[in-house]
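Nothing in this text is a laboratory measurement; each read-out follows from the coordinates by a stated rule. Note that the structure is predicted; figures quoted are calculated from it, not measured. Using ideal geometry, Cβ is built from the backbone for each residue, glycine included, and neighbour counts are taken over all protein chains shown.
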Amino acid sequence: MSSIISYFLPISIVLSPFLASAQDALLSGTVRDSVTQKPLIGAIITIKGGIGTTTNLQGHYQITLPSGIQQLTVSYMGYRSQITTVELRQALEKSFALQPLTNRMDEVLVSAKEKGEAIDAPQMSTTHLTMKDMKDVPVLFGEKDLVKTIQLLPGVQSGGEGSANFHVRGGDGGQNLILLDQATVYNASHLLGFFSTFNSDAIKDVQLYKGGIPAQFGGRISSVLDVSMLDGNKKQFSGEGGLGIVASRLKLEGPIVKDKSSFLFSARRSYADSFLKLAKSKDMDKNSLYFYDLNAKLSFNLGKKTNLYLSGYHGKDRLKYNDLFHLFWGNTTATARLNHLFNDKISSNTSLIYSGFNYQSGVSSEQIDFQVASNIRNVNAKQDFSYYANINNTIRLGVSALAQSIRPANLSSDKNQSVNPTAIESQRGIDLGGYISHEWKATTNLSLQYGIHVHDFMVLGRRTFYQFDKNGNPVSEKRDNSRIAKHYINLEPRLSASLRLDERSSLKASYNRIVQNLHQLTNTTASLPTDQYVLSSLQIKPQRVDQAVLGYFRTSTDKQYDFSVEAYYKRLGNQIDVRNGATLQANAYFEGELLFGIGRAYGLEGYLRKNSGRLKGWISYTLSKSRRKFNGINAGNWFNARQDRTHDLAVVANYALSDSWTLSGTFVFNTGNAVTFPSGKYLVNGKSMFYYTERNGYRMPDYHRLDLSATYDPNKNGKRFHSSWTIGLYNAYNRKNAYTIDFRENKANPNLTEAYKIVLFGIIPSVTWNFKF
Amino acid sequence: MDLALNKAAARVVIDAQLSDAGSVQRIRLSRSVGFDDPINTSGIKGATVSVKDNENRNYSFQYEKDGYYIHRNFKPLAGRTYTLHVDVQKQQYSATCQMPAYVAVESTNISEKNLAGENYFFAALTFKDPAKISNYYIYTLSTNGGPFRFARAESDQFNDGLKVTHYITDQEKDLSRGDTITVRRYCVDQKTYQYWNEYQSNNLSNAAPSNPKSNISNNALGYFSVAAAKEYQLQIGR
């Protein structure tokens, strides 16, 4: 426990700066869109002389200023800036409503001044994207997709051709915390991974943290993808939608009581069988392959200082082949958040969150008939406080209680009893957590953000635990009748610091430790809905990461360009792999199929971004390495993780050709993933068997691809109804990138073997029509 | 497509599936070759190969040709434990296997299934799985008198004690109307099943294929299994 005290000691010391000077007065308020009344996140409030602040996630800002007459500038990309003079004698509340710019060229000019890397802020290894940033990035089938956009950022890799799965800084796909209005999204992909669950119409913005992860987040060791849903328009009713080759979308929003409350409802559905032709079958009507998702949000203004937000998501994928086979899966989330400003300095968020994921698959024929079903869900109660003490100090603290349960894949049989129904005991855990962090501008040039996240993960008992020998065979079984079978208590220190070198550049450094108690088990190359989730148990220890990052950030004088370079090193503990040929579903002894090891990942990321002008976009480059070491794999030697790649390059460019035409292009190049190929062969029982000498000792061929799109947006002012067209080309020069490489006997001479590749997508055109009213 | 694969150093391969389907037992010794080389058809000469049972009967195998070591009067019995000893150039290899009992088949027929618009033929074998014990099955298949090839490994993990049907087909060449097929069904021990289950899990979507875990010592490839087996001949009607 002495370690706890030593963690909290510095916090009590640094509380001293909060005794701010008496001549200062606090200015606070909210910045909103004048038309929709939506709060604007990240709006910039500056006073003459240089100091300033930005609005938080609720559009709220607080700044402590010297008393007297102050000239304020409030600005936000895409909105007309406001300049106001206030006379500060005591705490003052001043809110702003900014007018959106309708002319595209204006928007470009304005954003030149306002966007730009926050070189002062200690937070690093993070990217904030709004839907505007994602709008013009060309994507597969023309479905704009936030996950596909973040895959173009440094340190973020696509999980495969067209995949909505992603890897961050050498981590696994199951190590990303994906949040939608604070609710965990367990499986963020549709149609076996080609689309993400995020309907772009319903999304306000997204923040990706790759390192220096702030103390309020925890639970996954690689990254946090924090997605916020849009608030409905409080002033007027409006709609928006689109027709694409794969899916159609419709969004409606408007006031419930004008200026007081609003609703937003958004739906998307893909067309059955439109892009994966399962077909040829006579009874096509019995086949289905589609997904839908629904987003809804209600916002209520309960008085001047209190807001209530209710939001939810429900999505489902249905894949059905005849009556023979089906696979259904989906996520559901619900969030209730009460936001309250106690006074000028203290704000509070109280949240109650549910999220769940389930799948069900089955085979049904005359001879065999069974179903496999599994679900995972959590309920989370959270209380967070922010204390804006003065311009130099902000304290955040909070507590949460999360109850997690997993019903593992169970087997049931209906008709002809071809299988024995198997019920595996559920796993349940409770995660009690708390955090405190302090963002402190220590000197003019040095800013710190440090804190600690503490949690106690309780493996709940009243179930059976097994022990296994080194070959994974069960050797003992013990029924645990206690309420709590095991506590995993972890302290996770977090620290970020920024040192301003001059007006335009800074050095930043960060360290974080994070543990993970929910583990995704996969033994396939694709992330499938049938991947198993397990909680930490007596057998499975929490995964752990220690990450250190060092970076240099620079912005040009006019803030038109941002540049950053970051180097990271990660040490991974208690990593999990699966034995070859393992049965993970409906297997009470599945823990015996797991192998435990360690990992390390390191890399260098460069990012150059042009924020404004006719030409906008970015170049990102990553040089990296990700390795693992397991007893029982590769003779216990270090091997490359599958997602290990040496080079990753992405170039994203948008060019505003005229008021109505925008051209966009994306080019990606990466070294092929590490892969296991045979180094020999032999004959057993009439079969040519491949002889493997090393795990992931080979490379897939280099991958590169160019995507193009053009958007025609006539944007006639004054008309209520307005529409635009986007045409796109995925893989414009039709590069035959290998999705997978396999080996087979030569048909003519079975004594010979040959390699062949499978290509998933050649050139794919798309067209989308979008409308707004 | 062309792929530059390393050529691994050759390893000894022991292919030793014995059974009570006949009294002639064959064990083949060979060496692995590079991926792009033709498969090794000549095998290893000059090795000593023998199998001993738990009652100390010793069966000495004689070299004939192409790496085959043969014993022409050896019918193993269910319940006995057999130990293989192989000596190749002073390197010793050994493995042990207890032979399970045969699980009788009640009926066989040809089943035709429509998958993704195409019709496929399967040999269907129906039997009652013995309850409360773990049973493992592997199948090899010969089409129109051709060589037997491994076809499928099954276990009773999800259908212990039930009436079960196994569907067997040739994974490399679709069966067609008029074909005569011979299915050889082996009731095997857990390690033999594990070997072939790992082999059949090395499919396209497997994240990291690896060599099936051998039950033979000293790093040999291949496996040793003594099984209860029977053959079933079926014809796919025209």
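Whole Å is fine, so just give me how far the alpha carbon centre of the range A:562-609 lies from that of the range B:51-117.
41
Please compute, for peptide B:2-11, the average count of beta-carbon atoms on other protein chains lying within 10 Å of each residue's beta-carbon.
5
What is the total of Lys pairs in chain B with C-alpha atoms under 19 Å apart, excluding same-chain pairs fewer than 8 positions apart?
So the count works out to 12.
Can you classify the range A:214-273 as rounded, prolate or oblate using the Cα gyration tensor, where a ≥ b ≥ c are the square roots of its eigenvalues, rounded means a/c under 1.5, and otherwise it's prolate if a/b beats b/c and oblate if not?
Verdict is oblate for the range A:214-273.
Within the range A:628-773, how many lysine pairs that are 8 or more places apart, or on different chains, have C-alpha atoms less than 27 Å apart?
Step by step, the pairs that qualify in the range A:628-773 add up to 10.
Which of the lysines could be linked to A:K144 by a straight reach, that is with a Cα gap under 16 Å, when you skip same-chain ones fewer than 8 residues away?
A:K132, A:K135, A:K204, A:K251
Please give the contour-minus-distance gain from A:T557 to A:H704: 0.36 nm per residue of separation, less the Cα-Cα distance, rounded to one decimal in nm.
Contour length minus Cα-Cα distance gives 49.5 nm.
Over the range B:146-238, what is the mean sequence separation of C-alpha contacts under 8 Å (at least six apart), divided by residue count, expressed as relative contact order in percent?
Here the relative contact order equals 37 percent.
Can you work out the Karplus-derived ³J(HN,Hα) for every residue in the range B:99-111? Use 6.51 cos²θ - 1.76 cosθ + 1.60 with θ = phi - 60°, whole Hz, and x for glycine or proline.
7, x, 7, 7, 9, 5, 8, 8, 8, 10, 7, 9, 10
For chain A, what is the per residue volume of the convex hull drawn over the alpha-carbon atoms, in cubic angstrom?
Normalising the Cα hull of chain A by residue number yields 175 Å³.
So what is the calculated 222 nm ellipticity per residue for chain A, using -39500 (n - 2.57) for each DSSP H run with n of 4 or more, over all residues, to the nearest 500 deg cm²/dmol?
After summing the helix terms and dividing by the residues of chain A, the value is -1000 deg cm²/dmol.
Going by the alpha-carbon gyration tensor, a ≥ b ≥ c the square roots of its eigenvalues, is the range B:1-150 rounded (a/c under 1.5) or, if a/c is not under 1.5, prolate (a/b greater than b/c) versus oblate?
oblate
Could you order peptides A:497-507, B:26-36 by the average number of other Cβ atoms within 10 Å of their residues, highest first?
B:26-36, A:497-507
Using the Cα gyration tensor of the range B:114-171, with a ≥ b ≥ c the square roots of its eigenvalues, what is the shape: rounded (a/c below 1.5), prolate (a/b larger than b/c) or oblate (neither)?
Oblate, because a/c is 1.5 or more while a/b does not exceed b/c.
Just to verify a number: FRET efficiency for B:V105 and A:K470, C-beta to C-beta distance, R0 = 41 Å, to 0.05?
Efficiency, rounded to the nearest 0.05: 0.65.
When you have a sec, figure out the Kirkwood radius of the range A:545-644 from all distinct Cα pair distances and drop it here in Å to one decimal?
Taking the inverse mean of 1/r over all distinct Cα pairs, the range A:545-644 comes out at 16.6 Å.
If you add up the charges near A:F385, with Lys and Arg at +1 and Asp and Glu at -1, over every other residue whose beta carbon is less than 15 angstrom from its beta carbon, what do you get?
+2
Once both labels are modelled 7 Å past Cα along the beta-carbon direction, what's the A:L250-B:Q89 spacing in nm?
Distance between label points: 7.6 nm.
Full extension from A:N734 to A:A91: what is 0.36 nm times the residue separation minus their Cα-Cα distance, to one decimal in nm?
225.3 nm
Extension gain A:W661-A:A567, at 0.36 nm per residue separation less the Cα-Cα distance, in nm?
Between A:W661 and A:A567, full extension yields an extra 30.0 nm.
Identify all aspartates and glutamates with a Cα-Cα distance to A:K345 below 15 Å; exclude those on the same chain that are fewer than 8 residues away in sequence.
Within reach: A:D24, A:E93, A:D384, A:E439.
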